[in-house]
Amino acid sequence: MKVIDVADTAADFSCRPASPDRQDDIVSVYRQAFDKDPVFQWLFPDAESRPELIEQFFTVMVDHTFAHGGAVLETREFGAVSMYFPPDAVAQPKAENERLLDALRDALGENSGRSIHLLTMLDEHHPHDVPPHYYGTFVAARPEHQGGGLGTRLKKCLFALADAERAGAYAEASSTRNLALYERLGQRRRGPALTLPDGPPIFPIWRPPTTGQGGS
C-alpha cells in the first residue's frame with residue numbers, strides 16, 4: 001500500500017492528527033461525549049462515578065492506540081476526536097490484547113468487568129474475511145458540538161485515508177442514531193447486531209474498498 005500523508009489528507013477536512021502529548025485533551029473529549037452514550041451507561045451504570053470511569057477507560061485506550069500503531073484525528077481545538085488503526089495495525093497479537101485487558105483491570109478495578117466483556121466481544125467479532133481496512137474505534141464530539149457535523153468530518157477524513165490506499169473501513173455503531181448517520185455516509189451493517197447482557201445492541205458496519213473509479 002502507498003504511503004499516505006495523513007496531515008495533508010486531514011487538512012482537506014479541517015482536521016489534523018493529534019499528538020500523543022495531547023492525551024489529556026483527547027481523553028477530555030471522550031469523558032464529556034460518552035456520559036449519555038447507551039453503551040457507556042451499560043459499562044458504568046452509576047451516573048455519579050461514570051465520568052471518572054470513562055476518563056480512566058479512555059486513558060488506557062488512548063495509550064494503547066498510540067503505542068500499537070494507531071492514531072487519533074482531531075478537529076480544531078479538540079471539538080471532536082476519532083481513534084483509529086490503519087490496515088497494518090488492525091490485527092494485534094494476542095499478548096498485546098491481554099496486556100490491554102490487564103491495563104483496564106488495573107485502572108478500573110472492580111468496575112472493569114463489563115469493559116473486559118465489551119472489548120473481548122468486539123475482538124471476537126472483528127471480521128477476518130474482509131480486505132485490508134481502517135478500523136475506526138471511537139468517534140466523539142464534545143456535547144456543545146454534537147450535531148454540528150464534526151463527527152461526520154472525522155468519518156469522511158478516515159474514509160479518504162482508506163480510499164487513498166484502496167482499503168475498506170470498519171467500525172461499530174453504539175446506537176441506532178449513530179448507525180443511521182454512518183449509513184448515510186456510506187457504511188453498511190455487516191451481520192447481526194452484537195448483544196451485551198441486558199444491554200444495548202452494537203452494530204458492526206463496513207465500507208468496502210473503492211474500485212478506483214469513484215465508487216465503493
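See the values below:
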read-out	value
Near pairs, Cβ below 7 angstrom, 6+ apart or cross-chain, from region 29-42 (among the polar types (S, T, N, Q)) to any residue that is open to solvent by less than 70 Å² (accessible area, probe 1.4 Å)	Gln32/Arg142; Gln32/Pro143
Output for region 65-83, where each listed residue is open to solvent by 20 Å² or more (accessible area, probe 1.4 Å) and part of a helix (DSSP H, G or I)	Phe66, Ala67, Arg76, Glu77
Condition check for Glu172: surrounded by fewer than 16 Cβ atoms within 10 Å (Cβ to Cβ) and of a type in the set (D, E, K, R)	no
Single match in Thr210, Thr195 (criterion: open to solvent by 50 Å² or more (accessible area, probe 1.4 Å) and among the β-branched types (Val, Ile, Thr))	Thr195
Region 138-166, residues that are over 14 Å from Gln187 (Cβ atoms) and within 13 Å of the chain's Cα centre (by Cα)	Phe138, Ala140, Ala141
For Ala91: the one exception among (1) touching a helix residue (DSSP H, G or I) at 6+ places or on another chain (Cβ under 6 Å); (2) farther than 25 Å from Asp8 by Cα	(1)
Residue among Glu77, Glu96 that is within 22 Å of Gly109 (Cα to Cα) and either out of contact with any Asp or Glu (no Cβ under 9 Å at 6 or more places or on another chain) or without any contact (Cβ under 8 Å) to a residue 24 or more places away in the chain (or both)	Glu96
Selection within region 25-64 - of a type in the set (Phe, Trp, Tyr), open to solvent by less than 10 Å² (accessible area, probe 1.4 Å) and not in a loop (DSSP other than H, G, I, E, B)	Tyr30, Phe40, Phe57, Phe58
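Matching residues to (1) in a loop (DSSP other than H, G, I, E, B); (2) touching a helix residue (DSSP H, G or I) at 6+ places or on another chain (Cβ under 7 Å); (3) among the charged types (D, E, K, R):
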site	(1), (2), (3)
Leu154	no, no, no
Gly191	yes, no, no
Ile202	no, yes, no
Thr211	yes, no, no
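The values are calculated or read from the model by the stated rules, or taken from the named source; none is laboratory data. Computed from a predicted model, the values in this text were never measured in an experiment. Heads up, the Cβs are rebuilt from the backbone with ideal geometry, glycines too, and the neighbour counts pull from every protein chain shown. Please note that ligands, DNA and RNA were not included when accessible areas were found on the heavy atoms of the full protein model with its side chains. Shrake-Rupley method; radii C 1.70, N 1.55, O 1.52, S 1.80 Å.
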